[in-house]
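Have a look at the structure below, then the notes.
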Amino acid sequence: NVNAYQEIKPENNFAFDDIGGQTIAKRELKEALDFLINSTKISQRGIRPLKGILLTGPPGTGKTLLAKASATYSDAVFLATSGSEFIEMYAGVGAQRVRKIFNTARTKAKKDNKNRAIIFIDEIDVIGGQRGSNGSHMEYDQTLNQFLVEMDGISGSDINILVIGATNRPDLLDSALLRPGRFDRQVKVDLPENDGRLEILKLHTKNKVLAKNVNLEEIADETYGFSGAHLENVTNEAAILALRENAKEIDHIHIKEAIDKVMLGEKLNNKTKN
Ligand code: ATP
């Protein structure tokens, strides 16, 4: 099977406003996307098109969400995949899958009467690791080579393609990927600060009933070091606890308990990893 990607329809209309915090990342992305939207104007000014943006940062901070929102913002065809989807035992399959996703992006964009597409590759370090390094072998190197060929070929087409890659290990990437004309923009997606945590908590409790004693500001203060994914988990666990007690509303106590639960889960997780 060479279809190692998922097409996400823009009808989802997931927007930058649905993402909490990450103000700087959003601003940098929007600027880059304005290049994609106004590509003709940009090339008339002699600026070369932006082909790749690399989102870097810890897991669960919203990199996938930012890529999705980018597609909505720029009204582009959106294809999403992960680096691990390109890895197969059989020689040549990875390279074939790379060709396929770029071709599909072009065909889909034409069919939908759009002149742009975004390809999102999570865990790009899996295919973008340093060639010739210890962990690398021929099949990985071929996949990466094909990927570089496709990125270099982007500007030869009438469809503008932007590749958004995500990784929490940018240090592992082959320097060829970071050369100008490839991933020439890096956007940091860090753990949220206090304000960001509050925004994320607000977003994820929008559809839940909170008791009057719930103070989200206080919760944001107490969840230093939590990612967006952790915070989403806290709100979900709190809702489950409330349900278990047949309570009509989520109480402060439920949230406190949920925080403990998520923290404990994280600790156990780290233990098994070490
Ligand atoms: P990974 O590196 O593990 O792929 P990621 O950075 O791509 O992680 P996402 O998949 O974007 O993380 O986020 C996972 C989930 O966590 C989201 O579906 C959402 O529920 C929640 N989340 C993470 N960050 C945010 C945020 N900034 N605002 C709102 N929700 C968030």
Exercise for the section: Evaluate E = 1/(1 + (r/R0)^6) for Val149 and Asn194, where r is the Cβ-Cβ distance and R0 equals 41 Å; express this FRET efficiency to the nearest 0.05. Expected result: 0.35
Completion exercise
Among Thr205, Leu264, Ile121, the residue whose Cα sits farthest towards the positive end of the charge dipole of the chain, when +1 is placed on the Cβ of each Lys and Arg and -1 on the Cβ of each Asp and Glu, is Ile121
Fill in the blank from the handout: When the chain is treated as a Gaussian network with springs between alpha carbons less than 10 Å apart, the largest mean-square fluctuation among Leu36, Leu264, Leu177 is found at Leu264
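Just to be sure I understand: of the beta bridges DSSP finds with both ends in the chain, what percent are antiparallel, rounded to 5? Intermediate values should be presented prior to the final figure.
Details: 3 of 25 bridges.
Here the share of antiparallel DSSP bridges comes out near 10 percent.
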Practice task
Find the relative contact order for the chain and round it to a whole percent, using C-alpha pairs within less than 8 Å whose residues are 6+ positions apart.
Solution key: 24
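Exposed loop sites here are chymotrypsin sites (Phe, Trp or Tyr not before Pro) in DSSP loop states with at most 12 other C-beta atoms within 10 Å. What is the longest stretch of the chain lacking them?
91-223
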Completion exercise
Among Ala32, Tyr90, Ile159, the residue whose Cα sits farthest towards the positive end of the charge dipole of the chain, when +1 is placed on the Cβ of each Lys and Arg and -1 on the Cβ of each Asp and Glu, is Ile159
Completion exercise
Among Leu191, Leu210, Leu79, the residue with the largest mean-square fluctuation in a Gaussian network model of the chain built from Cα contacts under 10 Å is Leu210
Completion exercise
With -39,500 (n - 2.57) per DSSP H segment of 4 or more residues and division by the full residue count of the chain, the 222 nm estimate, nearest 500 deg cm²/dmol, is -15000 deg cm²/dmol
Fill in the blank from the handout: Debye calc, one equal point scatterer per Cα of the range 53-198, no solvent, log10 I(q)/I(0) at q = 0.09, 0.11 1/Å comes to -0.28, -0.41
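How large is the translational diffusion coefficient of the chain in µm² per second when you combine the Kirkwood radius over alpha carbon pairs with Stokes-Einstein at 10 °C and 1.306 mPa s?
On the way: Rh = 20.2 Å.
Using the Kirkwood radius from Cα pairs, D works out to 78 µm²/s.
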Problem - Cα-centred dipole magnitude for the chain, charges only on beta-carbon of K, R (+1) and D, E (-1), debye, nearest 20 - result: 940
Problem - Three-way shape label, the range 52-97, alpha-carbon gyration tensor, a/c 1.5 - result: oblate
Exercise for the section: Take the solvent-accessible surface of the protein heavy atoms, probe 1.4 Å, and return the percent of it on the chain that carbon and sulfur atoms account for. Expected result: 49
Practice task
Determine the per residue accessible area of the chain with all protein chains present and a 1.4 angstrom probe, expressed in square angstrom.
Solution key: 53
Fill in the blank from the handout: Toy charge model, Lys and Arg Cβ at +1, Asp and Glu Cβ at -1: the range 1-124 dipole around Cα centroid in debye, rounded to 20, equals 620
Practice task
May I ask which of Lys202/Lys261; Lys68/Lys208; Lys26/Lys100; Lys26/Lys63 have a Cα-Cα span longer than 18 Å here?
Solution key: Lys202/Lys261; Lys68/Lys208; Lys26/Lys100
Exercise for the section: Among Ile240, Ile124, Ile19, determine the one that fluctuates most according to a GNM of the chain built with springs between C-alpha atoms less than 10 Å apart. Expected result: Ile240
Problem - Distance-filtered residues of the range 48-69 - backbone nitrogen under 12 Å, label point 7 angstrom along Lys30 Cα→Cβ - result: none
Completion exercise
Distribution output for the range 119-274: share of Cα-Cα pairs per 10 Å bin in percent, first bin at 0, values 9, 28, 21, 20, 16, 6, 0
Handout entry: Simple spin-label estimate for Thr272 and Arg169 in nanometres, 7 Å along Cα-Cβ
Key = 1.9
Fill in the blank from the handout: In the chain, taking the dipole from +1 charges on Lys and Arg beta carbons and -1 charges on Asp and Glu beta carbons about the Cα centre, the listed residue (Asn12, Thr235, Val214) farthest towards the positive end is Asn12
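The values are calculated or read from the model by the stated rules, or taken from the named source; none is laboratory data. All of these numbers come straight from a predicted model, not from anything done at the bench. Neighbour counts run over all protein chains shown; Cβ positions are idealised from the backbone, glycine included. With ligands, DNA and RNA removed, areas are computed over all heavy atoms of the protein, side chains included. Shrake-Rupley method; radii C 1.70, N 1.55, O 1.52, S 1.80 Å.
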